[in-house]
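Note sheet for the following structure.
What follows draws every value from the coordinates through simple rules; no lab data is involved. Nothing here was measured: the structure is a model prediction, and the numbers come from that model. Neighbour counts are summed over all protein chains in view; Cβ atoms, including those assigned to glycine, are modelled from backbone coordinates with ideal geometry.
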2 protein chains.
Amino acid sequence: MDKLIIIKIGGNIIDDENKLLLFLKNFAAIDTHKILVHGGGKLATRLAGQMNTPQQLVDGRRITDAETLKIVTMVYAGYINKNIVAQLQANGCNAIGLTGADGNAILAHKRVHPTMDYGFVGDVDAVHASLLTTLLGQGLCPVLSPITHDKKGQLLNTNADTIAQETAKALGSFYDTELIYSFEKNGVLLDIDNENSVIKKLNLAYYRELKNEGKIFAGMIPKLDNAFSALQNGVKKVIIGKAEEIQLLLSGDKGTSISHD
Amino acid sequence: MDKLIIIKIGGNIIDDENKLLLFLKNFAAIDTHKILVHGGGKLATRLAGQMNTPQQLVDGRRITDAETLKIVTMVYAGYINKNIVAQLQANGCNAIGLTGADGNAILAHKRVHPTMDYGFVGDVDAVHASLLTTLLGQGLCPVLSPITHDKKGQLLNTNADTIAQETAKALGSFYDTELIYSFEKNGVLLDIDNENSVIKKLNLAYYRELKNEGKIFAGMIPKLDNAFSALQNGVKKVIIGKAEEIQLLLSGDKGTSISHD
């Protein structure tokens, strides 16, 4: 099977133009099938301020009312996605930007919650592999923005980590798939206050051991649970680390590498 | 050769939600290969107002400074494009939204003008047919927004009529291509004040005759020159009329049909 690398980048890179340009240059140079998944950044919040749309956050999650959906559709699917695509094209990478609505790539439904109305937030039902495999087969590099749809005409704001994970699972039977979550730290840390305490390799047994000993800090647990869920669903390897060091993450010299063995 | 229908819709439809939804329903039902090209609408101007970005118009053309480019990228490539795609998906049409940067579909350069700086306005160099034929071959319906790129990392604001025309020319040797320009009038009128004076059929000889007699009003001449240019470059037929009457335009019962004979 061909190798496929799926990289998720978050707001910390997107909001820093120089870091983003350097990351995209390095990403373009990766010489395998690849998919980029991007989150949002501060621009959506800034634009909401300019448009006098108050932003409601509950447990750190943005409540997506109709006006906020309009803003994130403009910023994520428009401004951020198309600028990333244009920069990748300039670096010789044949990128194509997509939301989940495009080619019905990612089907979702509006979140159902017993007590909370998250608004137009989408939970993923299915990533349709056939469009993505067709594009990859043509030498194209899909760039996925965190907007999906319900196939009833409704766009939905969707977590980019989830999109990356579900895309990796859907493509795991077609490619040797590696999933890279980039964030602001060097990797999974044994000591949250020490950037040099990166756990180089993590398998399920070691993860359970560390969790039992209370050595994995709470914020990391959902990310790692997702990583092991991806491994159980056909993904070969998950790497967590800094987007600025993408080559070193891929070579195994930096970051935390999570795998079965 | 398979038939391909390329339809360009403008602001008058995009700004009217009910008209747009009805148009998209009718468009989705067209049972051939098809491409939709959309322009902008009043939303970009409204958003510029909210963001306190003054809009400069010269001869009816928006000057695209950096802030305006950001706005039109958000509105055209994000909000308008993705909402159209989601609605088409809801109507069973497997739409995929693209800018010229996506898959390097449309290459352009920043307009060069001896006395005027139009800002980030793009003139089209090439429409790359291979991506579009691949997508059409997969049963997908490309939805093109009027944003292109220069393959050096710069997005460019580009006239939607031009995108429709250049796309039709590029695909004319692969498909029996018909190009439909929709606008707010019933078709090309013999008497600009009489909506019932639609010229049903127009060929080059008749067009020259009418032009010599001063019977074609000035605003229509560039549109018609473009139509005949498309016909000379492999496009089979150009139809001009109202988007609300798309079926009647396609059946030849309404609008102006422009062809060689």
Restricting attention to the stretch B:19-55, the residues that are of a type outside the set (A, V, I, L, M, F, W, C) and under 15 Å from B:E245 (Cβ atoms) number exactly 3
Of the conditions (1) over 17 Å from A:V75 (Cβ atoms); (2) within 14 Å of chain A (Cβ to nearest Cβ), B:G39 satisfies every one except a single condition; which number is it?
(2)
Which of the residues that make up the stretch B:120-157 are crowded, with 24+ Cβ neighbours inside 10 Å and within 12 Å of A:K82 (Cα to Cα)?
B:S145, B:I147, B:T148, B:H149, B:L155, B:L156
Which of the residues spanning the stretch A:179-209 are aliphatic (A, V, I, L, M) and exposed (fewer than 12 other Cβ atoms within 10 Å of the Cβ)?
A:A205
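Looking only at the stretch B:84-94, which residues are more than 7 Å from chain A (Cβ to nearest Cβ) and either within 25 Å of A:V72 (Cβ to Cβ) or crowded, with 17+ Cβ neighbours inside 10 Å (or both)?
Of everything in the stretch B:84-94, those that are more than 7 Å from chain A (Cβ to nearest Cβ) and either within 25 Å of A:V72 (Cβ to Cβ) or crowded, with 17+ Cβ neighbours inside 10 Å (or both) turn out to be B:I84, B:L88, B:N91, B:C93.
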Which one of B:T134, B:T167 is in contact with a strand residue (DSSP E or B) (Cβ under 8 Å, 6 or more places away or on another chain) and not charged (D, E, K, R)?
B:T167
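Residues are listed down the side, and each one gets a yes or a no for (1) closer than 22 Å to A:G10 by Cα; (2) assigned to a helix (DSSP H, G or I); (3) hydrophobic (A, V, I, L, M, F, W, C):
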| position | (1), (2), (3) |
| --- | --- |
| A:G187 | yes, no, no |
| A:N194 | yes, no, no |
| A:A205 | no, yes, yes |
| A:E209 | no, yes, no |
| A:I216 | yes, no, yes |
| A:I221 | yes, yes, yes |
| A:F228 | yes, yes, yes |
| A:G234 | no, no, no |
| A:V238 | yes, no, yes |
Of all residues in the stretch A:135-160, count the ones that are in contact (Cβ under 8 Å) with a residue 60 or more places away in the chain, in contact with a helix residue (DSSP H, G or I) (Cβ under 7 Å, 6 or more places away or on another chain) and outside any strand (DSSP E or B).
2
Residues satisfying the stated conditions in the stretch A:10-33, i.e. out of contact with any Leu (no Cβ under 7 Å at 6 or more places or on another chain), crowded, with 19+ Cβ neighbours inside 10 Å and within 21 Å of A:K237 (Cβ to Cβ):
A:G10, A:F23
In the stretch B:95-130, which residue that is assigned to a strand (DSSP E or B) and acidic (D, E) is farthest from the other protein chains (Cβ to nearest Cβ)?
B:D123
For the stretch A:54-82, which residues satisfy the criterion of being more than 7 Å from chain B (Cβ to nearest Cβ), of a type outside the set (D, E, K, R) and crowded, with 18+ Cβ neighbours inside 10 Å?
A:T64, A:T68, A:L69, A:I71, A:V72, A:Y76, A:I80, A:N81
